[in-house]
Amino acid sequence: MGSFMFPKCLSLSRITFIAVLFSISLAVSNVMALPDGGPISPARAIEVSVINGEQLPFLLNSKVENYSVMSVVEGRLSAIPYQFDDVNLRGFIYTSGGKLEIDGEEGVLEPQDQLAIMYKDTGSMATAEQQAEVEGRVVAEIVFNDKGRESYVYILEGNSERSAVHYTYFDRETGLITTSAYTLQVQPKNLLMWEDFIYEGFTEQRSLLDTMKLRVRVKMGFLKATITNKLKPNRIVAVKNGPVRSIIEMDAGLSIFGIQLASAGASVVITENTTEFPVYITIPSAASILADNLIIEISLDFDKLEGMAVRTAQGPKEPIIAGSGKGNPEDYKVDLEHNWLSASSGKNWDIVALFKRDPNFVATLGALYFDEAMGNEADGPERVKGSSPQVGYTVKDIPTGIATFLGIDLFYSPDFWQGNNVEEAIEEIKNHVPTQVNVI
């Protein structure tokens, strides 16, 4: 692994805590189980495997605290990071103390609930002797089959061993998101204001990000307004930090020209190599007066990433190269069904973005690309003047009178592109390794 630089804003106590977290995570990851058969693909290396409660009928209505998850590591069954997550009535992961009510009973496994592990923590099949050597009783074997490559994890009852590894942590007080692969600084009182993003594998010790930009542009007659994420009121209402993923529940709303445009919330999910931002939103019928002249822009403004290659789902195979002044951004398109964006820094950091939505959210989706080399001027809000480059989405023709959800999931890796073949990684991101549960 490469060296890691902490943001200057961190206190010594926070650095000490995070350094310990990182040393535990990275040290244990060197002896992780890993599926047999050689290296796994970049997309599989970051994959969070989710087993729904309905796949575990023999555990339904049981308290999850009675069960643990293990795989074979260095010849013995060993604890791996895992978490059981309840689900709320919106279908997102439940956070205790949040605004969204739980669907069912907390801490009791029900069909809609989830068991989450990292795919890279699966291992070889455990022998009868290995199963007999551990405390408690093996009650189930979960088989992962990645195009014929099989690997396994085991659910145990009455086993007290737990992994010391935590892949993620969100500090609500400081606004620092920490994983074993990256840190992202957000403003503690505004989850929509992103600042330093530092990736552990990136070849330079600095932030890759200027900021995230979320802008609502609207016209009503002679009136024009642009509301940015700096001005959008929002608050964090609940946090759950688990070994595999952290969940941050946020509450927000937006009014323009005295008209309630939307009431919304988000259930942000942080994993080792993702930032997932699903938003549940109610858009009243009264907002229809603005809908025809309403544009939402969501983008990442990168810092000093000239030379980065950028592609879109409906663009040419040949990427735009940031800072070159060449290429026509209008050729690089997306729509609701073909919505991925991707960029490769060429310096051990690639990103894939997917636009997620409820089927009843039918709008016009476009790609956004700004670049200083193409003459684009300063484009606030920003911490560093200019776009080097700025990449994201535009959303128009927004429906009203609906309760829906939409969001953007961001995935990170040292090498999604593997040359210029990002399509393979995207296909694996969209389609997780199939699982089969065997009762023992």
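Can you compute 3J(HN,Hα) from phi for each residue in segment 336-341, using the Karplus curve 6.51 cos²θ - 1.76 cosθ + 1.60 with θ = phi - 60°, rounded to whole Hz and x for Gly and Pro?
Couplings: 4, 8, 10, 10, 7, 10 Hz.
May I ask for the angle, rounded to the nearest 10°, between helix 12-29 and the longest principal axis of the chain, with both axes built from Cα atoms and the value confined to 0 to 90°?
60
Could you pull out the longest piece of the chain with no exposed loop GluC sites (Glu not before Pro) in it, calling a site exposed if DSSP puts it outside H, G, I, E, B and it has at most 16 other Cβ atoms within 10 Å?
Longest site-free region, per DSSP loop and neighbour criteria: 205-305.
Expressed in nm to one decimal, what extension gain is obtained for the pair E173 and L89 from 0.36 nm per residue of sequence separation less their Cα-Cα distance?
27.5 nm
Which value in nm describes the separation of the simple spin-label points at D335 and T364, placed 7 Å from the Cα toward the beta carbon?
Using points 7 Å along Cα→Cβ, the separation is 1.3 nm.
Relative to the compact globular guide of 2.2 N^0.38 Å, what is the alpha carbon radius of gyration of the chain, as a ratio?
Relative to the rule-of-thumb radius for its length, the chain sits at 1.00.
Working only with C-alpha atoms, what are the Rg and Dmax values of segment 210-426, expressed in angstrom?
Both quantities, over Cα of segment 210-426: 17.5, 52 Å.
Not counting the cut sites, what is the longest span of the chain without chymotrypsin sites (Phe, Trp or Tyr not before Pro) that DSSP labels loop and that have at most 16 other Cβ atoms within 10 Å?
Longest run free of exposed loop sites: 1-221.
Are there trypsin sites (Lys or Arg not before Pro) in segment 302-373 that DSSP marks as loop and that have at most 12 other Cβ atoms within 10 Å, and which are they?
Here the sparse-neighbourhood loop sites are K317, K326.
Looking at segment 375-440, which trypsin sites (Lys or Arg not before Pro) are in a loop (DSSP not H, G, I, E or B) and have at most 15 other Cβ atoms within 10 Å?
Sites meeting the loop and neighbour criteria: R383, K385.
With +1 on each Lys and Arg Cβ and -1 on each Asp and Glu Cβ, how big is the dipole of segment 210-426 about its Cα centre, in debye rounded to the nearest 20?
Using Cβ point charges on Lys, Arg, Asp and Glu, segment 210-426 gives about 680 debye.
Roughly speaking, what is the stretch gain from A132 to K219, that is 0.36 nm per residue apart minus the C-alpha to C-alpha distance, in nm to one decimal?
Length gained, A132 through K219: 24.4 nm.
Between Q436 and K317, what FRET efficiency comes out of the Förster formula 1/(1 + (r/R0)^6) with R0 = 30 Å and r the beta carbon distance, rounded to 0.05?
0.25
For H166, H432, which order do you get if you count the other beta carbons within 10 Å of each Cβ and list the fewest first?
H432, H166
Enumerate the calculated ³J(HN,Hα) couplings along segment 277-288 in order (Karplus 6.51 cos²θ - 1.76 cosθ + 1.60, θ = phi - 60°), each rounded to whole Hz, writing x wherever the residue is Gly or Pro.
3J(HN,Hα) across segment 277-288, in whole Hz: 10, x, 10, 9, 9, 10, 10, x, 4, 4, 6, 4.
Could you list the trypsin sites (Lys or Arg not before Pro) in segment 189-219 that lie in coil according to DSSP, counting only those with at most 14 other Cβ atoms within 10 Å of their Cβ?
Taking segment 189-219 and a limit of 14 other Cβ atoms within 10 Å, the loop trypsin sites (Lys or Arg not before Pro) found are K189, R206.
At 222 nm, what value in deg cm²/dmol follows for the chain if DSSP H runs of at least 4 each add -39500 (n - 2.57) and the sum is divided by all its residues, to the nearest 500?
When only DSSP H runs of four or more count, the value is -2500 deg cm²/dmol.
Size of the dipole of the chain about the Cα centre, Lys and Arg at +1 and Asp and Glu at -1 on the beta carbon, nothing else charged, in debye to 20?
1360
Read-outs throughout are calculated quantities, based only on the coordinates presented, and are distinct from any laboratory measurement. For clarity, every value in this text was computed on a predicted model and none was experimentally measured. Note: ideal-geometry Cβ built from the backbone for every residue, glycine included; neighbour counts use all protein chains shown.
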